[in-house]
Each structure stands twice: as C-alpha cells, then as structure tokens.
Amino acid sequence: MSRETAPRTLATTDLIVGGMTCAACVRRVEKKLGALEGVHATVNLATGTAHVEHPADLGTDALVAAVERGGYTARLPSPPASGEDREATATEPGVPQRLLVTALLALPVLVLSMAPSLQFRNWQWLCFVLAAPVACWSAWPFHGRAWRGARHGAATMDTLVSLGVLASFGWSSYALFLGGAGTPGMRMPFTLLPTASDGMAHVYLEAAVGVPLFVLLGRHLESRARRGTSAALRALAELGVREVTVRDGAVERTIPAARLAAGQVFLVRPGERVATDGEVVEGTSAVDLSLVTGETRPMEVAAGSAVTGGSVNAGGLLLVRATAVGADTQLARITALVTEAQAGKARAQRLADTVAGVFVPVVLALAVTVLGFWLGADADPQPAFTACVAVLVVACPCALGLATPTALMAATGRGAQLGILIKGAQALEALRQIDTVVLDKTGTLTSGHLTVAALTTRTEGPGAQEVLRLAATVETGSEHPLGRALVRHAERSLGEGAVRPGALSGFAATPGNGVRGHVDGRLVEVGVPEGELPEELGAALATALQAAHTPVLVRVDGRPAAVLALGDVVRPGSYHAVDRLRRLGVRPVLATGDQEESARAVANALGIDETYARCTPERKAELVRTLRAEGKRVAVVGDGVNDAAALAGADLGIAMGTGTDVAIGAADVTLVRDDIEALADAVRLARRTLATIRGNLLWAFGYNVVTLPLAMVGLLNPMLAAAAMSLSSVLVVLGSLRLRHWQPTPAAATAARRRRPSPRAAF
C-alpha cells in the first residue's frame, strides 16, 4: 500500500557566484544547481548572483558544492546584503591594475607591428619580450578559468580568449625561432586581411597582446557601466541611517541604528533622515519622501502621522516612535523587491541562455573546421591559421548574457526612483502587454481620505454622539478607508479618548459588506444599507445617493440606528492617468463595492464608460475571469483586502502602496508613489524596457551572425576581432544604461498638465 508523502517545504537562498564571464557560464551554473532534486535556480550574469529555490532540508553547503563542481566559486552574501556586495562580485578584482600594466606593455607592440616605418633592427625581438608577459601574466585569468572549465568538461568565453592568445603567441614564437622571422632587419607589413607567406612565417604578436588588452578594456568599461545600472539600488542602500538618538524619559543617548527596537522613541532633527518607519509622537514638520517613494511633494506630519524610514525631515524637530525595524520597514521591502526583480529573466533571455549553452562548443568546432578546410584546400598555412584564430576571438556570448539583466537592473532601479516597484521580468512583460485595466474606486481613483458629510439617526434610537462612538469603536478593527474615515471623524467630534479600541470584542469583517462587533455589551454592525429602513433613515439614504455620497448603515442590537453619508475626492492625477491609459491603448474599467450612484459619478468625471458597482470580492474576481475569457490581457489596480482575489487572478496585479499588506502581497507591481499617474508611467517604462531588451538581443545575435562568417572566410584580422568582441558587450550595457535617464512624461506634456486643473469633486 502506497503512502502519500507530505510536500517538501521550499526555501530560497541567494548565492554570490564567482568566476562567471559569459552566458555559457550562467547556463552551466543553472544546470549544476538544477541537477539537485527539487532545486530551481536563476543565475544573473550582471549581478553575479544565483537566486535558488530549494527544499528547506537541503543545506546551503550542498548548493555551494554544486556550483563548485561546475568550476566556479560560491558563497552566501555578507550580511547585511547590499549593492556593494553584488557589485564587488560582478566586477573581476584587479582588472584596472592588470589593464594598466597590459596597456603599457602592449601599446609599443601594437605601434611597431602596425607601422612598418617605425620598425628598426631586431624590433621583433623587443616586441616578443614585451608580449610574453601579456600573453602569460595579463591573460592568466583567462587561462586559469579555461583550464578549470576544461577540467570540469566546460567551455566558456575564457576558453576562446585563452586559445586565441596562446595560438597567436605560439605561432609567433615558432615564426621567430624556426620560421625565419627572427632574422635581423626583418620588416613586416601590416594588413587588415590575412595574406600568404612570402617564404617567411609572419608574427602575430599584435594579436597576442591585442586580444588580452581589448578584452580587459571591454570588461573594465562593462563593469563600470554595470555599476551604473544598479545605481538606484546603491542609492536605496545609502538611505539607511548609521546612528540614531533615542529618548528614554528625559535621557537622550546615541545608539547604532541597527540596535533600534520597535516601540523606542527617537529624535529626528531638521535635515536628518528618519531612522526607521514610525509614528510621530511630538512635533510638526514636513518630510521629503522623494528618494524613497518618488513622491515629489513634501508631506506634512504631526502627532499621530506615520513617517517612512529614509525620508528627510525638512522642518522642525520630531519625536518618532519606531513601529517597524530591519527587514520589516518599507525601505527594506522596496530594496528586497528591487533586488528580486533584478534576478529575473525575460522569456527571450532564457532562449539566449539556451543558445549560449552550446555556443562555445559550436565556435570551437567551427574554428577547427575552418582550419581544416583551408589546409585541405591547399591554402597557405598562415592565412588558414589567422582565420582560425579570428573565429576563436571574435565569438562573443557575453553580450547575450548581459542583454536582459542589465536592462532589468536599470529599469527596476529607475522604476523604484519613480515609486514603481516591479517584481520581476515576468511582471514587466505582462505590464507591457495589458490592454484592459480594472480600477478600484476608493483609495485608487479617489484619495481614500473620506469625510463624514452627514449623520442621520432614528428618533427613538440612540443619540447621534452615541451612535458615532459605537460605530467608530467597531471600525477601529477595520483597515477599510471608510472605517478609518469614520474613526477620524469621531475622534475629532467627540474628543480624544472617546473612541476606545479596548472596548471592542468579537470583531468580524465581511469583505464587501461591512464589519460587526460587541461594544459595551451591545452588538454593533456597520456596513452596506440593506433591507427595509425606517422612514427617516430611508430619506437620508436617498439624499446621500443623490449627492453621490457613500451611505453607511449602523445597526445596534440588530435594529437600524443611523445612516452616515461619507464623501471622497478624486485623486488629482486620476483624470490624466485614465486619459493617458486610453492613449496607450489600454481600456479602463471601474469596479467598486460602492453604490451605483457613487461609482457612476466618479466614472463620469473621469470619462470611464464601463462601470461595475456593488462588486463583492467574488464578483470582482469573476469579472476578471470573464474579461480574460474574452481574450483580454487584464490588469487589476486596488488597495484593499477585497481586491486581493482579483489581483491574484489577473494577468497582472497592481497595488497602491498606501493599501493593505494583503493587496500588496498579491500584486506583481506596487505603486509606492501616492499618484495614480504612476500607472501610465509603469506601462510606458515596461514597453521601453522590453524594447531595449529586444534591441540588445538583436545586436548580440546580429553581431555574431555578421562577424563569424567574416572571420571564417579570412576577412577579419584577429586583433580587430578582439576589439569588436569587447565592444559588443560594452554597447549592450550602454544601451541598457539609457533606461536610467528615462523620463515618465515629456516636459511639454507635464507643463500642459500643470496648467490644466484636474477635477476634484467629492463623492
């Protein structure tokens, strides 16, 4: 009899992988890790990291050993993980110093080899003496990695470079010692095309020094450019505070920020950064959130206001109580999301990695075939050898491996600066393809900052103040914007301390309908008006609906007691966001749990033609399934618990950063910036990024398609081949770097938008 085995618990581990130089290395590391049972790995060449999903009972030692069996090194990130750790791994240590020495030795060889008029007696022997350290010491990292790869049955870009250098230097050594090229007074003309020998073997010392020089130069420029793509991640890491002044009673002391605990009160002086997420307990000021969320306007704060770690205090002295520390802070979550996004791969990149996995062996086979073909056709050995070396040197899978990750790093970093957090390459692809967006009303298109416009009670029921106190006490257990607005109104109207959360018991929430609980022994229900209502409450309900307000019914001990009318305002950028989405070919659909009249008023103000009111979470999810069944690519934008099911069921879930943790957790994209226009910016950024990735891959494939045939037929000098190979990777990274300067809206459009006031109607 068979027994069902419980599913294994999965864990995720990030590894810093050393020794990777091209997409073939990426493919090999992924295969070595994937050979372990239950392990799936995504390796990123640009960051030098591997994101590994594995069974929880499989230790990290097994993962490190698997990578090392492939000929590479692996270790866990140094705590705390930072962009510096990742960049140190992505950049080969010692490259600038090695490049400087190589340039000093190689430049005289290149000049003498390419300028016959400067060739003096025994010039070739001077070039040989200068070239020997370059071919051995300068190229030693390539030789070492090629040897380690050969020991493990792998061939990478280093294999091609090493063979090219050794072949060029070996042939030159033969020519000098045995082929007659060492004769005093020898002159060697320089040509871009290989030529037959004139009775004397030519030396290729310019190729022996040019290949290491150009490859080292290319990797140095590439690493500097790759640092630029992760500039946003470094900026996020630098927002952290090293020390913080805490207040314990009347005593103030300075402690390391890492030791700050939740609940402690700390000081934020004018110009200082807020050490961690917290709540202001004393003082008033304005805080600058631009570096954290992309919000350009300073936010006014006072006692009771929430502040975000990393923001800058632009005004007076603040006392803040820490509410979250370490990995629980918003800044830490933003950094984690950006880091995770940069580890992803687009579908096109997975194809490129597959090609790169067989690319180097194919190039080696081509080089041997070219050499055999030329010699078999009775060609002179010299041009045959030159064509073989050119094939080895010109091939470049590096650009294939960098095409997607560098673009993703630049795009996700730029998105984070603009308040747009994209979880990965799959989310980016889905964002580019959406043609329908389902928008929630409260907290998404409207500000969610509701106010109580009217309160109507029954004559024989509890008084207005008592009903307001009971309803607000129940709503202290709710996260819905309606509930928060009711609590704020009660605290302002009844005075501080009138609403006591401790008096609430038996709280329960029904998404889409309302909340209930016991207050002072009385059952209080706050929710959507339903059923028959007394005459005065029915009239109040009709009045609220006519005014496009949101009506809320309060029941006490099962009997209708009051109707409250709450009003909201459309976000300043909602009209422009909807208009821009429509211009991008995305159809807006409004789906809300609110009344038909309120929903229609908002839709009319924003120019939305398709509206669904009184939507329960199930109905929202069903609407998404219906639209997808019609062939639509659907995105859902929401901020509440009742949006979570629809967010998870859509092609793409987009959460407002001011919303609930449930909504943010179910979403693929989070708009941290308190501006719905960020949605249109996100779509444009996704389309620009995918276009950049396609351009990078087109260049990477096209480069090899053009240069390999030229090298095979003998039309490419090995030294120029090395320069072209190095340049291809640099150009791919520079193409990605353009995304760092991507602007969300053209300046002219922004100016026009500022001149044209947006509607701010209450609903």
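Among the residues making up the range 543-566, those that are surrounded by fewer than 21 Cβ atoms within 10 Å (Cβ to Cβ) and within 18 Å of Gly593 (Cα to Cα) are Leu545, Gln546, Ala547.
Per-residue answers, yes or no, for (1) at pLDDT below 80; (2) part of a helix (DSSP H, G or I); (3) among the small types (Gly, Ala, Ser); (4) within 30 Å of Leu581 (Cβ to Cβ):
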{"site": "Gly665", "(1), (2), (3), (4)": "yes, yes, yes, yes"}
{"site": "Asp675", "(1), (2), (3), (4)": "yes, no, no, yes"}
{"site": "Ala686", "(1), (2), (3), (4)": "no, yes, yes, yes"}
{"site": "Thr692", "(1), (2), (3), (4)": "no, yes, no, yes"}
{"site": "Tyr703", "(1), (2), (3), (4)": "no, yes, no, no"}
{"site": "Leu710", "(1), (2), (3), (4)": "no, yes, no, no"}
{"site": "Ser736", "(1), (2), (3), (4)": "no, yes, yes, yes"}
{"site": "Thr745", "(1), (2), (3), (4)": "yes, no, no, yes"}
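Per the listing Ala322, Ala261, Ala314, Ala302, the residue uniquely surrounded by 22 or more Cβ atoms within 10 Å (Cβ to Cβ), over 22 Å from Ile420 (Cα atoms) and modelled with pLDDT of 80 or more is Ala322. Looking across the range 57-96 at every residue that is among the polar types (S, T, N, Q) and at pLDDT below 85, the one that is surrounded by the most Cβ atoms within 10 Å (Cβ to Cβ) is identified as Thr89.
For (1) in contact (Cβ under 8 Å) with a residue 24 or more places away in the chain; (2) assigned to a helix (DSSP H, G or I); (3) assigned by TED's automatic domain parsing to the domain that holds Met188; (4) in contact with a Cys (Cβ under 6 Å, 6 or more places away or on another chain), each residue gets a yes or a no:
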position	(1), (2), (3), (4)
Phe120	no, no, yes, no
Leu126	no, yes, yes, no
Ala131	yes, yes, yes, no
Gly153	no, no, yes, no
Thr159	yes, yes, yes, no
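Six or more apart or on different chains, Cβ atoms under 6 Å: show the pairs whose first residue is in the range 316-332 and in contact (Cβ under 8 Å) with a residue 24 or more places away in the chain and whose second is among the acidic types (Asp, Glu) and not in a strand (DSSP E or B). What qualifies is Thr323/Asp277; Ala324/Asp277; Thr329/Asp277; Gln330/Asp277.
Residue-by-condition table, conditions (1) of a type in the set (A, V, I, L, M, F, W, C); (2) touching a helix residue (DSSP H, G or I) at 6+ places or on another chain (Cβ under 8 Å); (3) under 30 Å from Gly463 (Cβ atoms):
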| position | (1), (2), (3) |
| --- | --- |
| Ala540 | yes, no, yes |
| Thr550 | no, yes, yes |
| Val554 | yes, yes, yes |
| Arg559 | no, no, yes |
| Ala577 | yes, yes, no |
| Val586 | yes, yes, no |
| Ala591 | yes, yes, no |
| Asn604 | no, no, no |
| Ile608 | yes, yes, no |
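Restricted to the range 17-48, and to residues there that are more than 22 Å from the chain's Cα centre (by Cα) and in a loop (DSSP other than H, G, I, E, B), the residue that is surrounded by the fewest Cβ atoms within 10 Å (Cβ to Cβ) is Glu37. Here Thr386 clears all of (1) over 21 Å from Ala721 (Cα atoms); (2) modelled with pLDDT under 80; (3) assigned to a helix (DSSP H, G or I) except the condition numbered (1).
Take the conditions over 47 Å from the mean Cα position of the chain (by Cα), in a loop (DSSP other than H, G, I, E, B) and at pLDDT 80 or above and apply them to Thr195. Does it pass? Let's see the steps before the verdict.
Details: over 47 Å from the mean Cα position of the chain (by Cα): yes; in a loop (DSSP other than H, G, I, E, B): yes; at pLDDT 80 or above: no.
No; evaluated as a whole, the condition is false for this residue.
Within the range 438-461, restricting attention to residues that are crowded, with 24+ Cβ neighbours inside 10 Å and of a type in the set (A, V, I, L, M, F, W, C), the residue that is farthest from Glu535 (Cα to Cα) is Val438.
Do the conditions hold for Ala201, that is, is it part of a loop (DSSP other than H, G, I, E, B), at pLDDT below 70, small (Gly, Ala, Ser) and over 43 Å from the mean Cα position of the chain (by Cα)? When the stated conditions are applied, Ala201 passes them.
Scanning the range 473-487 for residues that are closer than 26 Å to Ala601 by Cβ and modelled with pLDDT of 85 or more turns up Glu475, Leu486, Val487. Selection of first residues in the range 551-564 that are acidic (Asp, Glu) and of second residues that are part of a strand (DSSP E or B), restricted to Cβ pairs under 8 Å at least 6 apart or on distinct chains, gives the following pairs, ordered by first then second residue: Asp557/Arg522; Asp557/Leu523.
In the range 604-616, which residues are under 20 Å from Ala646 (Cα atoms) and modelled with pLDDT of 85 or more? Talk me through it step by step, then tell me what you get.
Start the filter on the range 604-616 by keeping residues that are under 20 Å from Ala646 (Cα atoms), which leaves 608, 610-616.
Within the range 604-616, Ile608, Glu610, Thr611, Tyr612, Ala613 qualify.
Among the residues of the range 35-75, the ones that are touching a helix residue (DSSP H, G or I) at 6+ places or on another chain (Cβ under 8 Å) and closer than 24 Å to Thr156 by Cα come to 26 in all. In the set (1) at pLDDT 85 or above; (2) out of contact with any strand residue (DSSP E or B) (no Cβ under 8 Å at 6 or more places or on another chain), Ala41 fails one condition alone, (2). Checked against the criterion of being modelled with pLDDT of 85 or more and part of a helix (DSSP H, G or I), the candidates Leu564, Leu581, Leu647, Leu590 yield just one match: Leu581. Residue pairs whose Cβ atoms lie under 8 Å apart, sitting 6 or more positions apart in sequence or on different chains, and linking a residue in the range 646-671 that is closer than 17 Å to Arg571 by Cα and surrounded by fewer than 24 Cβ atoms within 10 Å (Cβ to Cβ) to a partner that is at pLDDT 75 or above and of a type in the set (Phe, Trp, Tyr), do not occur here.
Of everything in the range 464-521 that's of a type in the set (A, V, I, L, M, F, W, C) and assigned to a loop (DSSP other than H, G, I, E, B), which residue is surrounded by the fewest Cβ atoms within 10 Å (Cβ to Cβ)?
First, the residues of the range 464-521 that are of a type in the set (A, V, I, L, M, F, W, C): 464, 467-468, 470-472, 474, 482, 485-487, 490, 494, 498-499, 503-504, 507-509, 515, 519.
Filter once more, so that each one left must be assigned to a loop (DSSP other than H, G, I, E, B): 498-499.
On the way: Ala498: 14, Val499: 23.
Across the range 464-521, the extreme among qualifying residues is Ala498.
Does Thr293 count as closer than 30 Å to Ala711 by Cβ and either modelled with pLDDT of 75 or more or buried (at least 18 other Cβ atoms within 10 Å of the Cβ) (or both)? No; evaluated as a whole, the condition is false for this residue. Collect the residues in the range 717-742 that are hydrophobic (A, V, I, L, M, F, W, C) and either farther than 17 Å from Gly218 by Cβ or touching a strand residue (DSSP E or B) at 6+ places or on another chain (Cβ under 9 Å) (or both), keeping them in residue-number order. Matches in the range 717-742: Leu739, Trp742.
Would you say Gly413 is over 24 Å from Ser598 (Cα atoms) and part of a helix (DSSP H, G or I)? It is true that Gly413 is over 24 Å from Ser598 (Cα atoms) and part of a helix (DSSP H, G or I). Restricting attention to the range 139-178, the residues being out of contact with any helix residue (DSSP H, G or I) (no Cβ under 8 Å at 6 or more places or on another chain) and within 18 Å of Leu126 (Cβ to Cβ) number 2.
The values are calculated or read from the model by the stated rules, or taken from the named source; none is laboratory data. The structure presented is a predicted model; accordingly, all values stated were derived computationally and were not measured. Here the Cβ is made from the backbone with ideal geometry for all residues, glycine too, and neighbour counts use every protein chain on show.
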